[in-house]
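Trainee: This structure is in structure tokens; I'll ask about it shortly.
The values are calculated or read from the model by the stated rules, or taken from the named source; none is laboratory data. None of the values given here were measured: they were computed from a predicted structure. All Cβ positions, glycine included, derive from the backbone under ideal geometry; neighbour counts span all protein chains shown.
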Amino acid sequence: MSLAMPPVCSATVANRKEIAAGLRSIVPDGVIEIADELKPYESDGLTAYRQPPLVVVLPETTEQVSRVLAWCHREGIKVVPRGAGTSLSGGALPLADGVLLGLARMNRVLDIDYVDRVAVVRPGVTNLAVTGAVEGEGFYYAPDPSSQIACTIGGNVAENSGGVHCLKYGLTTNNVLGVEMVLADGEIIRLGGRDLEAAGLDLLGLVVGSEGLLGVVTEVTVRILPTPETARAILLGFPTTRAAGDCVAQIIGEGIIPAGMEMMDKPATHAAEAFVKAGYPLDVEALLIVEVDGPPVECDILLETIAGIAAAHGATTSRISQNEEERLRFWAGRKAAFPAVGRLAPDYYCMDGTIPRKRLSEVLERMAELSRQYGLGVANVFHAGDGNLHPLILYDANQPGQLEKAEAFGADILRMCVEVGGVLTGEHGVGVEKRDLMPTMFNEVDLAHQQRIKCAFDPELKLNPGKVFPQLHRCAELGRMHVHKGQVPFPDLPRF
Amino acid sequence: MLSPETTVRPADEDELRHLVAEAAASGVPLEPRGGGSKQDIGKPDRSAAIVDLSAFAGVIDYEPSELVLTVRPATRLGDVEALLDGHQQMLAFEPWDHGPLFGRQAGTATIGGIVAAAVAGPRRVSAGGVRDHLLGFSAISGRGETFKAGGKVVKNVTGYDLPKVISGSWGQLAIMTELTLKVVPKPRDTRTIAVTGLDPDKAVAAMARAMGSRMAPSAAAHLPETGGTGPVTLLRLEGFPQSVDVRAGQLVELLDDGNSVEQLDHALAGSLWAGVREARELAGSDVLWRVHLAPSRAPAFARALDAEGASWCLDWAGAQVWVGAAAPLDVRALASEHEGHAMLLRAPPAILEQRPIRQPEAPAVAALSARVKQAFDPAGILSPSRFG
């Protein structure tokens, strides 16, 4: 792998046995140190990068997590937290000299309260299991990342995960009310709770999406919502992506925030249709699935309005789901889009930029040009409502140089997202994948302001180092003020 | 030179940056001020120089179909609302002007002040607060450096979510120079259902039942007394007219447990909601507190307040309690007993001097907050003693 990670501490690596023994004294039945057994932990959802961890520890209680972190802190050992290992940005990529702290065994639902409309769960509970715990009472947990059957709430908190419904219902951060977490030195704290606003600084908001760099979450209080009465979808096909994009803009302009609004380009549509036979039209340049939810009367009216808007923008296909089976069939292709595209080439690389929606056509045109330059195919699926684009770059890792080419192509796409006013990542996180692209979006001063947050939580920089920041500066260095008493910069400028 | 109790009005970002740098060097605290509608909140700091941000006003970019608005902080809330209204859009968290609560003229509240104080109204319970809608910002930190964070698109997880911690930071971390907010379509119709005669336990239960139902109310509040007519519980429905019609019918049925349930006319409903939003019923109280707690704890808290002779009303389905009390009552201690936290919003100067304005945090959290504050403002010059 070409990725530069923090220098490996060879003394720590040499001490593997002692470290495993130390951890075993805290978690007797939850330490893995044999090479073969470490292998399943060597990568997460970003499989291009692999690194077996020094040792894996799987605590079962907050107290164990606290003691493990305190012990590692005292010994100066790096720690990488991990949920289910489904991160698409390498957030849980282990370190050769780091302890991998797996939270999967902390998987109990602790409390459900329908007056406060919250579920309190341990971090290893899967996303879908939260809904499973409350659906009998007509509730669900809204954020629905595509890996929801496997991914954990703890990982969702770390990555601020999204999903197809987040335009209407928000990302993880909008649905988490409180956490119990353990800081790098083992201190246990609570942020937020069952109320809605912070008593002081909103540190909870910083923790969600911090990619395991600020602490280890050991309990999460999430908001649960009543399940919508009905959900229906409309399948629309357009002769150009521009027409599809304009249709999306007008739907929102009419005051409609759909529960989901997904676009696929021609290659993605063809791949999905070949894979699952969803009944998609093959003669369109852009396919749009729009889902609305709520009372049946509302769904009826909104679908009629959306169909009208689509017709005005020249939709050549327009089908409203007539029953639940048909709605699910519309989605089947979209939900299988990644594996479907995966059949077109030995490997694919999934990107995750966000752009202002109005720039979509231009971005797709430039991407097609890049595709020709690099000689690699690309298919696009797009959370059209919020501008989150997932280009899938096709390559063959067995062909020398193709992985590097795919990565360079991906980096060009993300730079383009930033250039048109968007961002590097909409929902997958920075991790190691986009780490070195951070300077395209943030200058040094911006990054220093972010990294000082890291220093406030973890001054020794031992939690998940090598992720998010292209370069971790020592905290003492960042703390310096470049203003000294009596010596203001730019002395020639006016003063007040 | 900077000196206490003077007002300085930087004309542009460069001037503001140098002003902050000078303050950091000289140790003179700064109190950033937009329209001044909330200047009476907190402890008066006579050592601070006021930074008048009025030069930082105006809309930078507004793309209705992208649901994104970028403005300068001193833009008046009224101007922002009028602009959005022209496109049938709004700020979902229902911000409001604190001026009148402090006997000040209405209309001076700015969007920067709204974000800095995390001001939200009744729709907070369903649509989220300022923290859920601030997408990005540019600011000058206490280090005298310009930095930016977040983005200008509605979905972004790149880097730490600094917009969250800036929301509600009361200008204590940085002075914003530009902010980007997510906007949403304005509901085409609105309807209020009122249930009369419920005690706090039944009112919170009714609000929970409504909020947990498919009728999806956008707001839920409870007023124990409204002009001598007894308690009234309010549920607000919003959306497309046909949907509101159907849901209103269903909600009346759901709440009709032998209670008196009615749909209110728009004018009455509008004034009741404005009253809830701005704590108007309690505006005459000696001391005004704002308490946040779990809705399930609200009934017992309300009964405790009754026993002490304090007046109160519930918003956010019980998660926010406005409390009007006589000066000696320690509402914070009562709130703590019910696992809530209380902010002292308005009180005579002698009381403000005596008590912390915000609820003290657990020691480890307070220490962490102090380190975060120090990361942005190592010299401690941005409103350091406002909440002391």
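To keep it simple, each residue is scored yes or no on (1) surrounded by fewer than 20 Cβ atoms within 10 Å (Cβ to Cβ); (2) modelled with pLDDT of 95 or more; (3) more than 15 Å from B:Gly121 (Cβ to Cβ).
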position	(1), (2), (3)
B:Ile50	yes, yes, yes
B:Ile60	yes, yes, yes
B:Leu69	no, yes, yes
B:Thr75	no, yes, yes
B:Ala82	yes, yes, yes
B:Met90	yes, yes, no
B:Phe93	no, yes, no
B:His98	no, yes, no
B:Ile111	no, yes, no
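Trainee: Continuing with this model, one more query. Kindly state which helices (runs of 4 or more DSSP H) lie completely within region B:195-284 and contain at least 3 residues that are over 30 Å from A:Pro258 (Cβ atoms). Working first, answer last.
Mentor: Values: elements: B:200-211, B:241-255, B:266-277.
The helices (runs of 4 or more DSSP H) meeting that bar are B:200-211, B:266-277.
Trainee: Let me ask something additional. In region A:361-385, what count of residues is obtained for those that are in contact (Cβ under 8 Å) with a residue 40 or more places away in the chain and in contact with a Leu (Cβ under 8 Å, 6 or more places away or on another chain)? Can you show your working first?
Mentor: Here is the first cut: in region A:361-385, the ones in contact (Cβ under 8 Å) with a residue 40 or more places away in the chain are A:361-364, A:366-367, A:370, A:377-385.
Narrowing the set further to residues that are in contact with a Leu (Cβ under 8 Å, 6 or more places away or on another chain) leaves A:363, A:377-385.
Selection size over region A:361-385: 10.
Trainee: Working carefully through the options A:Gly138, A:Gly132, A:Gly154, find the one that is crowded, with 19+ Cβ neighbours inside 10 Å and small (Gly, Ala, Ser).
Mentor: Working: A:Gly138 fails: crowded, with 19+ Cβ neighbours inside 10 Å; A:Gly132 fails: crowded, with 19+ Cβ neighbours inside 10 Å.
The unique qualifying residue is A:Gly154.
Trainee: Also, quick follow-up: Given the conditions (1) within 14 Å of chain B (Cβ to nearest Cβ); (2) surrounded by 21 or more Cβ atoms within 10 Å (Cβ to Cβ), and given that A:Thr305 satisfies all but one, which numbered condition is not satisfied?
Mentor: (2)
Trainee: What are the pairs, 6+ residues apart or on separate chains, where a residue within region B:145-168 that is more than 7 Å from chain A (Cβ to nearest Cβ) and in contact (Cβ under 8 Å) with a residue 24 or more places away in the chain has its Cβ under 8 Å from a residue that is surrounded by 24 or more Cβ atoms within 10 Å (Cβ to Cβ) and among the acidic types (Asp, Glu)?
Mentor: Close Cβ pairs satisfying both conditions: B:Gly150/B:Asp161.
Trainee: Take region B:358-383 and flag every residue that is under 21 Å from the mean Cα position of the chain (by Cα), within 19 Å of A:Gly479 (Cα to Cα) and either at pLDDT below 95 or small (Gly, Ala, Ser) (or both).
Mentor: Within region B:358-383, the subset under 21 Å from the mean Cα position of the chain (by Cα) is B:358-361, B:369, B:373, B:382-383.
Filter again for within 19 Å of A:Gly479 (Cα to Cα), leaving B:369, B:373, B:382.
Matches in region B:358-383: B:Ser369 only.
Trainee: Could you please let me know if B:Glu94 is free of Cβ contacts under 8 Å to residues at least 60 places away in the same chain and either within 14 Å of chain A (Cβ to nearest Cβ) or within 26 Å of the chain's Cα centre (by Cα) (or both)? Before you say what the answer is, go through the steps one by one.
Mentor: Working: free of Cβ contacts under 8 Å to residues at least 60 places away in the same chain: no; either within 14 Å of chain A (Cβ to nearest Cβ) or within 26 Å of the chain's Cα centre (by Cα) (or both): yes.
Criteria not met by B:Glu94.
Trainee: While we're on this one: When you go through B:Val71, B:Val51 one by one, which is the residue that is touching a residue at least 24 places away in the same chain (Cβ under 8 Å) and under 16 Å from B:Phe137 (Cβ atoms)?
Mentor: On the way: B:Val51 fails: under 16 Å from B:Phe137 (Cβ atoms).
When all the criteria are applied, what remains is B:Val71.
Trainee: Which numbered condition trips up B:Val184, out of (1) among the β-branched types (Val, Ile, Thr); (2) closer than 23 Å to A:Val468 by Cα; (3) at pLDDT 95 or above?
Mentor: The number of the failed condition is (2).
Trainee: Considering A:Leu236, A:Leu213, A:Leu201, which residue is within 11 Å of another protein chain (Cβ to nearest Cβ), in contact (Cβ under 8 Å) with a residue 12 or more places away in the chain and among the hydrophobic types (A, V, I, L, M, F, W, C)? Outline the logic, then answer.
Mentor: Numbers: A:Leu236 fails: within 11 Å of another protein chain (Cβ to nearest Cβ); A:Leu201 fails: in contact (Cβ under 8 Å) with a residue 12 or more places away in the chain.
Matching residue, one of A:Leu236, A:Leu213, A:Leu201: A:Leu213.
Trainee: Would you point out which residue out of B:Leu234, B:Leu181 is more than 10 Å from every other protein chain (Cβ to nearest Cβ) and either over 20 Å from the mean Cα position of the chain (by Cα) or closer than 17 Å to B:Leu268 by Cα (or both)?
Mentor: None of the others qualify; the one that does is B:Leu234.
Trainee: Here's another thing I want to ask about it. Quick one: what pairs do we get from region A:111-130, first residue closer than 11 Å to A:Asn156 by Cβ and part of a strand (DSSP E or B), second modelled with pLDDT of 95 or more and of a type outside the set (A, V, I, L, M, F, W, C), C-beta under 6 Å, 6+ apart or different chains?
Mentor: A:Thr126/A:Thr152
Trainee: Suppose the filter is closer than 18 Å to A:Met441 by Cα and out of contact with any Gly (no Cβ under 6 Å at 6 or more places or on another chain); does A:Ala411 pass it? Steps first, answer last, please.
Mentor: Numbers: closer than 18 Å to A:Met441 by Cα: yes; out of contact with any Gly (no Cβ under 6 Å at 6 or more places or on another chain): yes.
Yes.
Trainee: Report, by residue number, each residue of region A:347-372 that is among the hydrophobic types (A, V, I, L, M, F, W, C), assigned to a helix (DSSP H, G or I) and within 14 Å of chain B (Cβ to nearest Cβ).
Mentor: Here is the first cut: in region A:347-372, the residues among the hydrophobic types (A, V, I, L, M, F, W, C) are A:350-351, A:355, A:360, A:363-364, A:367-368, A:370.
Within this subset, residues satisfying the condition of being assigned to a helix (DSSP H, G or I) are A:360, A:363-364, A:367-368, A:370.
Passing the criteria: A:Leu360, A:Val363.
Trainee: Moving on to the next point. What pairs can you find where one residue is in region B:122-143 and in contact (Cβ under 8 Å) with a residue 12 or more places away in the chain, the other is in a strand (DSSP E or B) and of a type in the set (Asp, Glu), and their Cβ atoms are less than 7 Å apart, with a gap of 6+ or different chains?
Mentor: Qualifying pairs under 7 Å: B:Pro122/B:Asp315; B:Phe137/B:Glu178; B:Ser138/B:Glu178.
Trainee: If we scan region B:293-303, do we find a residue that is buried (at least 16 other Cβ atoms within 10 Å of the Cβ), more than 14 Å from chain A (Cβ to nearest Cβ), of a type in the set (D, E, K, R) and without any contact (Cβ under 8 Å) to a residue 60 or more places away in the chain?
Mentor: Among the residues of region B:293-303, not one is buried (at least 16 other Cβ atoms within 10 Å of the Cβ), more than 14 Å from chain A (Cβ to nearest Cβ), of a type in the set (D, E, K, R) and without any contact (Cβ under 8 Å) to a residue 60 or more places away in the chain, which makes the answer no.
Trainee: On to the next question. Any residue in region A:137-158 that is modelled with pLDDT of 95 or more, in a loop (DSSP other than H, G, I, E, B), within 14 Å of chain B (Cβ to nearest Cβ) and more than 17 Å from the chain's Cα centre (by Cα)?
Mentor: There is at least one residue in region A:137-158 that is modelled with pLDDT of 95 or more, in a loop (DSSP other than H, G, I, E, B), within 14 Å of chain B (Cβ to nearest Cβ) and more than 17 Å from the chain's Cα centre (by Cα).
Trainee: Might you check whether a residue that is closer than 23 Å to A:Val157 by Cα, surrounded by fewer than 22 Cβ atoms within 10 Å (Cβ to Cβ) and over 14 Å from the mean Cα position of the chain (by Cα) occurs anywhere in region B:120-134?
Mentor: Yes, the conditions are met somewhere in region B:120-134.
Trainee: Return yes or no: is A:Ala11 in a helix (DSSP H, G or I) and more than 20 Å from A:Pro123 (Cα to Cα)? Talk me through it step by step, then tell me what you get.
Mentor: Details: in a helix (DSSP H, G or I): yes; more than 20 Å from A:Pro123 (Cα to Cα): yes.
So A:Ala11 passes the test.
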